[in-house]
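What follows is one structure encoded as structure tokens, with my remarks underneath.
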Amino acid sequence: MKENMIRSIELGVAVGACYMAAVTMVQTSLFAKIVAMITNSFLGRLLEPYMPYFNLAVIVLAVFLCITFWRKGDEIWFGRIFSLNMLMFFPAVLDFSTFNWVGLILDLGPGTQVTDIWVFAVGLLLQVTYLMLRYTVRFRYMRDELIHRGAVEEDLEHVSRGQMGYLTLLVFLTIGFTGGIYIAIPYVNQFTSEYLRDLPMPHAVIGFVVVLLIAASMILYLRGSNE
């Protein structure tokens, strides 16, 4: 697989994920609150003829930024694509959060137009997108290294096929594992609620355990990255 093809795959995946994140964001209650605040301010009077196109302008701007970051082509800028996507995805998470502290501050009403399935699917797409971009940029680095070592085109194609096969397997495993967790959570919640209700401050206990698990996962991940 040639580098131009890898770059095209990166562009398609990055733009697709960014577009879906932006479309999700403009349908959230937080975004609606921000638009209402702009409309009721002095900017609203200045931008009144253009306000019907505000959502479209935000989506176009997000995609433009995504393409700009993609053109840099390195791991740092791909990380910024992920950060941009997560920033746009954050309001959708808040709409389904049981601890929406932003909603308490801004007095958000029930204005979301997306379903929980939609939010889960977009979140999974963002996760898979970052996974793919993280690995494809490493594949390109390795390809350049092999070329400098004098590898022939046939060897490069063989290595590229193996790498893409591994990435495809990893993507499907991620989708399957994450989807399994999403399906299992209601049943796990129902099963554990009977035992956790007798604990003193169950939210604090569960939160403490989750923080420990996240910390342990981060340590294992960082150790694996340094090897």
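The values are calculated or read from the model by the stated rules, or taken from the named source; none is laboratory data. Predicted model, so just to flag it, every value in this text is computed and none were measured. Cβ placement follows ideal geometry from the backbone for every residue including glycine, while neighbour counts extend to all protein chains displayed. Heavy atoms of the whole protein, side chains included, go into the accessibility calculation; ligands, DNA and RNA do not. Shrake-Rupley method; radii C 1.70, N 1.55, O 1.52, S 1.80 Å.
Kindly provide the set of residues from the stretch 148-160 that are closer than 15 Å to Asn4 by Cα and either in contact (Cβ under 8 Å) with a residue 60 or more places away in the chain or surrounded by 10 or more Cβ atoms within 10 Å (Cβ to Cβ) (or both), ordered by number.
From the stretch 148-160, those closer than 15 Å to Asn4 by Cα are 153, 156-157, 160; that's our starting set.
Correct list: Leu156, Glu157, Ser160.
Within the stretch 161-187, how many residues turn out to be over 25 Å from the mean Cα position of the chain (by Cα) and free of Cβ contacts under 8 Å to residues at least 60 places away in the same chain?
Our first condition is that a residue be over 25 Å from the mean Cα position of the chain (by Cα); within the stretch 161-187, this holds for 161-162, 187.
From what's left, free of Cβ contacts under 8 Å to residues at least 60 places away in the same chain: 162, 187.
Of the residues in that region, 2 qualify.
All conditions in (1) within 30 Å of Ala121 (Cβ to Cβ); (2) out of contact with any helix residue (DSSP H, G or I) (no Cβ under 8 Å at 6 or more places or on another chain); (3) open to solvent by less than 50 Å² (accessible area, probe 1.4 Å) hold for Arg140, with the sole exception of (2).
If you go through the stretch 28-70 and keep only what is touching a Leu at 6+ places or on another chain (Cβ under 9 Å) and over 25 Å from Val119 (Cβ atoms), you end up with just Thr39. Under the condition of being closer than 23 Å to Ala121 by Cβ and among the aliphatic types (A, V, I, L, M), which residue from the stretch 75-99 is surrounded by the fewest Cβ atoms within 10 Å (Cβ to Cβ)? Taking the candidates together, the pick is Leu87.
Sub-9 Å Cβ pairs linking a first residue in the stretch 50-68 that is free of Cβ contacts under 8 Å to residues at least 40 places away in the same chain to a second residue that is of a type in the set (Phe, Trp, Tyr) and open to solvent by 50 Å² or more (accessible area, probe 1.4 Å), at least 6 apart or interchain, are Ala57/Tyr50; Thr68/Trp77, ordered by first then second residue. Check the stretch 206-216 and report whether any residue there is modelled with pLDDT of 80 or more, in contact with a helix residue (DSSP H, G or I) (Cβ under 9 Å, 6 or more places away or on another chain) and in a helix (DSSP H, G or I). Within the stretch 206-216, none of the residues are modelled with pLDDT of 80 or more, in contact with a helix residue (DSSP H, G or I) (Cβ under 9 Å, 6 or more places away or on another chain) and in a helix (DSSP H, G or I).
I need a count of the residues in the stretch 100-133 that are under 9 Å from the mean Cα position of the chain (by Cα) and either at pLDDT below 80 or open to solvent by 30 Å² or more (accessible area, probe 1.4 Å) (or both). Write out each step before concluding.
Within the stretch 100-133, the first condition is being under 9 Å from the mean Cα position of the chain (by Cα), and the residues that meet it are 122-130.
Okay, now just the ones that are also either at pLDDT below 80 or open to solvent by 30 Å² or more (accessible area, probe 1.4 Å) (or both), so 125, 127, 130.
Here the count works out to 3.
Would you check which residues across the stretch 1-47 are open to solvent by less than 50 Å² (accessible area, probe 1.4 Å), in contact with an Asp or Glu (Cβ under 9 Å, 6 or more places away or on another chain) and more than 22 Å from Phe89 (Cα to Cα) and list them? Residue satisfying the conditions is Met1 alone. Among the residues making up the stretch 59-74, those that are open to solvent by less than 70 Å² (accessible area, probe 1.4 Å) and either touching a His at 6+ places or on another chain (Cβ under 7 Å) or farther than 13 Å from Arg7 by Cα (or both) are Ile59, Ala62, Val63, Leu65, Cys66, Thr68.
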